[in-house]
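Report on the following structure.
Each reported figure results from applying straightforward, stated rules to the coordinates on display, with no laboratory input. Only a predicted model underlies this, so the values are computations on that prediction, with no experimental measurement involved. Positions of Cβ are generated from backbone atoms using ideal geometry, with glycine treated the same way; all protein chains shown enter the neighbour counts.
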Amino acid sequence: MHFDGGADPNPGKAGAGAVIYKNGEEFKTASVYVGEKETNNTAEYVGLIEGLKLAFSNDITNLVVKGDSQLVIKQMKGEYKVKAENLKILQIKAKLLAEKFENIEFIHVKRELNKRADELATLGRDKDKIEPTRTREPEPAPILIGPICHMFDER
């Protein structure tokens, strides 16, 4: 699985992408809009997370993960600490997903070896904002019945 993410400018409008190859052929892809004011590093992590989710949902148990972000790869391997608070949450999410695989390996690759994931990240960046999806119907506001506190009632 190859992943990528990017923002233009940085920070700016961002997208992420991932591609899974099976037997040397493109098998599955993901391309997502990340946000209007996101960093390259945030987008890279989103690309990784989307790729891991895609692999897991397709019953892949052994995965080689390749990305051109040296920071993300080294953080996932434990070689670099995650200092930025916003990246800590994303790295934890990625680590939890990575633990679901029987075997997983993270490899840093040069940008020119990650072109398809880069194309998918650019497609994601150029997508219109995704409408938020509701996981459940909104609940009505609670109805107040009677006074909350009798401290100010007339005596």
What is the stretch 2-126's relative contact order, in percent, from Cα pairs under 8 angstrom and six or more apart in sequence?
37 percent
Using 0.36 nm times the number of residues separating Asn86 and Leu113, minus their current alpha carbon distance, what extension gain do you get?
7.0 nm
Along the stretch 39-54, what does the Karplus equation 6.51 cos²θ - 1.76 cosθ + 1.60 (θ = phi - 60°) give for ³J(HN,Hα), rounded to whole Hz, x for Gly and Pro?
8, 4, 5, 4, 4, 4, 5, 5, x, 4, 4, 4, x, 5, 4, 4
Working out 0.36 nm times the residue gap between Lys95 and Lys127, then minus their Cα-Cα distance, what length gain in nm do you get to one decimal?
8.8 nm
Testing the spin-label approximation: label points 7 Å from Cα along Cα→Cβ at Phe27 and Glu79. State their distance in nm.
2.5 nm
Using the structure shown, select from Lys28/Lys83; Lys22/Lys81; Lys37/Lys100; Lys28/Lys77; Lys53/Lys74 the pairs with a Cα to Cα distance greater than 28 angstrom.
Lys28/Lys83; Lys22/Lys81; Lys37/Lys100
Once the other residues with Cβ under 13 Å from the Cβ of Asn41 are scored (Lys, Arg +1; Asp, Glu -1), what is the net sum?
-2
